[in-house]
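Each value in this text was obtained by applying a stated rule to the coordinates, not by laboratory testing. None of these values were measured; they are calculated from a predicted model. Backbone-built Cβ (ideal geometry, glycine too); neighbour counts: all protein chains shown.
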């Protein structure tokens, strides 16, 4: 069986992941809408997942994929809880702009 | 170094990769930049699909399917529902002060530079990579691994999801005031 | 049979006392403390018969921490001091009513447990754990059952707690560093063997010094002392001054000097001078104190200064004198604080100005108090003299001026103690009635006095007990 | 040997047993019984001393008794042991002898005091410690006794403890003694580290056998020891406690502050004569200090009006004379004077006690007078003693004082002159005392006059015995043929002092001394008998006599220099340094608090900022790990 990486090269996957990850970070920093921030986080997660899978193929080892599977489970839980929190914040504050979340002020 | 595809002699796989990568990056950007959260969500779905495409390209069918089910299905539905629940529209979002945006851009550039520098500086991979021909990522094999080697974490994952479900229900329940 | 038995008795005693209920808590505590004393005496017999009563068990593998209790002569002497004073202290509290007595007495036993552990521990980390453990009960004892304004008291006690804890953390750092050097082992033998450069030794020495200087206390680290002594209930004060500050002094001999001998040798003069400064300063400050317990606190500061100075001479005489003086001081200071308590029970005050004229009403109490005062000023024939003489002698061998300056304690000590005695006990008959000592009180005093006088004339048993282990320690110090 | 140990223990422990019985059972036994027990205890010691004396004179050798090891120090091994040789037995004899007499006296004297059993307990304890001091075989055992007698002195001066002035006096005595004790300790330390022993016998051989001694160090040791002696024997500058010590009951003054305890310093110096002989500089210091003390104390004694104060200053003055002799290395002369002084001074004190007793506590001589008829025995005994102390020929004091002056003359004329002036003054103030007290008309209140009576037999018998001793005590060391010198000769390396040949010089000097003494008496006679002067009341004293009356203001000066400065320092430390240090420690806490307060402002709560900083931190860490190679 031909390894796909022979044709594409692991470097390209790394590059792609980096770009995706950076876009995620940029989104987190740039947007103030909590939902978009959340989406950016998902993008970052996916960037990492992608890298895992790429290296899993590269090493011919299933562990990377197993890890991605767990990370997806965690992500699902996280999104569920996170969005629930956002909803309750929205209910209380009437907005989900992260600038309003200043309860951490010392 | 970054392998620059030679478009003239590109194989099908390479073309597909480039295409998918292009879609992934573009939709990711659009997710962040579009004003309307609904649009963002839709771009994000497309992004997730393209990532699933990458998974398929890498021949990990199981993950591709799970990814589509979890991300493009469940998570995106959750996002959409939430957005609609809140009835957000673009006017609500006020742009951040310039200094913040500048900071965001600066740090974005910074992290890009750092990561890419690392990437460039790291040792290049020498030679071609041959697969051993062993099946390691078919659904069957993964299923065996998950339920043998990783059984306990697997069960914990289910507990995690259960807890998350309960937590979500508890959080989104309306608090009864004055009681 | 080994020394862990004592620890077990005290710990079990603490629990049993707690569950025995308020009414009989004091008696249960007394029973267990006496049991510990009895067992210690039996162990002493075993020890003098040449049996090994130490204990080493592996406890944690990585890093290598052992549950090691080392019972050499020095440790046994301190163990005996603790288990002998604990029953006296408990017994002395019989005249008082305490709220939530079960917790109170349980804490006393627990404190005795922790202090005994500190004296016995032969593993750096175990020692550190016991060291800090001893702080917890005294914190609660002083805070909950103390006297005076609650807010003031909390301030003083919290200051004490944080201050000593902060000092100890430096010691912990030193221990961790040392164990790194000793391949992860915390055992005292391994720590002794660690080869350190003189610069490293200095830092280790200073880290230890901070912990001990605060606990002992050596000036200028003594600011917690007078306030806590005053605010704590007398039982707490006795525990603090009688035993707990001996922990610091003992640790100097057991840990600080042998581990960092080069630093100790190089800066000998500075540390002796600090000790002696404490002697003079404490004596002078004690002169004009208005509160009886505060005065005794400062007198204690003066005495421990001399003990510390003796330890830092790094001579056999100095160490031996220091240990003898520690034991003597433990007894005498407990007796003196008890006398203050007896006065307080009757007059509800410790202001020296409000006292006076007690002697006519209570000849027995006066005699006992006077003997304690005289022991405190090291009259020959009392145990304190033996220690003080030995320490001063060792100081004179280092430098005659040290002996002269340190010797001012016998002048200034006599001055403030007799002044206090005069204003507290003598003078026209007090208008308030002062009942003479009850049987219980008399027994406590008599035991302490008998001890001081007996060993004042025949200190040989204690000297013989401690000398071999001190020689061993000196060998470690002088190995380079 | 067993026998000796038992004797020594009997000697020491009988008074201690008396002390214990009186402490624990004294109150229930009743006054007479408790007094008797106290007296008998000391008397037994006296008998034992006599036995020992007999043994020593017959064998000529000292007895050494070692009980057990006491203190172990690396190069020192200190036994609790006794040394009974000529010197200590001699001291024992008069300590226990005079002690028994004074105990006997006290039975009557203290009979009205409710705490009589305590008084006897303390007295017995004192005798116990004094015996320990005298017979200790090394310096440290001496030190037990040394401090112990100080303690008893403290207890007895403050015996009437309701009066805070008395307590002050007691405290002062104890503390001044302790200053000397520190000197003694330091001296011991030096000797201990030089010779690795504190034992007299070993020390003596060690010094004799030592080749190259560190003489300056040894002199320092001797000086320190002398400071100790100064404290105990009330020499300048540590003498001020002794006059104050008169606050105690009169028997105490007689026993402790005249006859026995205050001579401990002389005992110690004599005991260590082999050390002092090597330190010639220190000897000169001793002589000079002794001479000055005797003169200063005598001048103060000239104008005192309190009968006991006069005697106290006289004691200081006489002690000064003894030190004068010690300074010249004439130890046996000093010892001789110690003994005669013990006799006549004890007698004088007891006599004054009898007077005070008769006048119900009156001590001011201005309120006395004419007691000769009412108290004949007291008068005669005191007269004899006064003659003795004034150096009238053939009384004991004549011989001893004369020898001291003779020695002084041979060594240093100026000191001889000083000593002679002091003796003349002594004669004057003693007879001033006699005339004011016993002659002329009674100046006290009518009520006192009514009750004037001679004291009982228990008081007069000791007086008579002491008067006899004061008369004939001089016989033990007659000039030219001295039994005492021979007896003590084994102690001294020099062949019992240079026996002075009784030449013309000596007789001349004797004559001068006698004339001086008579002159003093004559002046007193003229001033207080002929002219019938009575000292002015306190307010009217002016000029030099005011200075003298106020003891040269030495107490005030000491108070200003030492006591106040220490107290001031104490207050300063308490109020400023302590609070300062405390603030410093609290300050550390406050600084931490303030830092936290400032630090918390960084926590703006803005998630955007947090994320921004987080990304920057991430960049920094990643670049550190991967790029900083």
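The table below lists the values:
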{"quantity": "Cα extents of the stretch C:284-420 along the three principal axes, largest first (Å)", "calculated": "47, 25, 18"}
{"quantity": "Radius, Kirkwood style, for the stretch D:94-250 when every pair of distinct Cα atoms is counted (Å)", "calculated": "17.0"}
{"quantity": "Gyration tensor over alpha-carbon atoms, the stretch B:1-120, equivalent ellipsoid semi-axes in Å", "calculated": "29, 24, 12"}
{"quantity": "Relative contact order computed over the stretch C:27-80 (Cα-Cα under 8 Å; 6+ residues apart), in percent", "calculated": "27"}
{"quantity": "Cα gyration tensor, the stretch D:562-627 - rounded (a/c under 1.5), prolate or oblate", "calculated": "oblate"}
{"quantity": "Pairwise label distance in nanometres, residue D:522 with residue C:265, each label 7 Å out on the Cα-Cβ vector", "calculated": "7.7"}
{"quantity": "Order of D:294, A:95 - criterion: other Cβ atoms within 10 Å of each residue's Cβ, fewest first", "calculated": "A:95, D:294"}
{"quantity": "Cα-Cα P(r), chain C, percent of pairs per 20 Å interval", "calculated": "26, 60, 14, 0"}
{"quantity": "Sites residue D:478 and residue D:33 - FRET efficiency at Förster radius 41 Å, r taken between beta-carbons, to 0.05", "calculated": "0.40"}
{"quantity": "Residue order, fewest to most surrounding Cβ atoms within 10 angstrom, among D:131, B:145, B:139", "calculated": "B:139, B:145, D:131"}
{"quantity": "Where the Cα pairs of the protein assembly as shown fall when distances are cut into 20 Å bins, in %", "calculated": "9, 28, 24, 17, 9, 9, 3, 0"}
{"quantity": "Mean shadow area of the stretch D:334-457 over all directions, Cα convex hull, nm²", "calculated": "8.0"}
{"quantity": "Degrees between helix C:124-133 axis and first principal axis of chain C (Cα, 0 to 90, nearest 10)", "calculated": "20"}
{"quantity": "Estimated inter-spin distance, residue C:428 and residue C:277, nm [label 7 Å along Cα→Cβ]", "calculated": "4.5"}
{"quantity": "Counting all C-alpha pairs of chain D, share separated by more than 48 Å (%)", "calculated": "20"}
{"quantity": "The stretch C:272-480, relative contact order in percent, only Cα pairs under 8 angstrom and at least six apart counted", "calculated": "29"}
{"quantity": "Per-pair calculated FRET efficiency, R0 = 45 Å: residue B:135 and residue C:8 via Cβ, rounded to 0.05", "calculated": "0.10"}
{"quantity": "On Cα atoms only, tilt of C:25-48 relative to the major axis of chain C in degrees", "calculated": "50"}
{"quantity": "Two-decimal log10 I(q)/I(0) for the stretch B:138-179, as the Debye equation yields it once each C-alpha is a single scatterer, q = 0.21, 0.27, 0.35 Å⁻¹", "calculated": "-0.72, -0.86, -1.03"}
{"quantity": "Spin-label model distance (nm) - residue C:151 vs residue B:117, 7 Å beyond Cα toward Cβ", "calculated": "5.7"}
{"quantity": "Ascending count of other beta-carbon atoms within 10 Å, so fewest first, for B:18, D:224, B:109, D:230", "calculated": "B:109, B:18, D:224, D:230"}
{"quantity": "Chain D: calculated mean residue ellipticity at 222 nm from DSSP helix runs of at least 4, using -39500 (n - 2.57)", "calculated": "-24000 deg cm²/dmol"}
{"quantity": "Chain D, relative contact order [Cα under 8 Å, separation at least 6], %", "calculated": "11"}
{"quantity": "Convex hull volume per residue for the stretch A:4-100, taking Cα atoms only, in Å³", "calculated": "74"}
{"quantity": "Contour excess over end-to-end distance, with Cα ends at residue D:536 and residue D:594 and 0.36 nm allotted per residue", "calculated": "13.7 nm"}
{"quantity": "Folded to 0 to 90 degrees: helix D:31-59 orientation relative to chain D principal axis, Cα", "calculated": "80"}
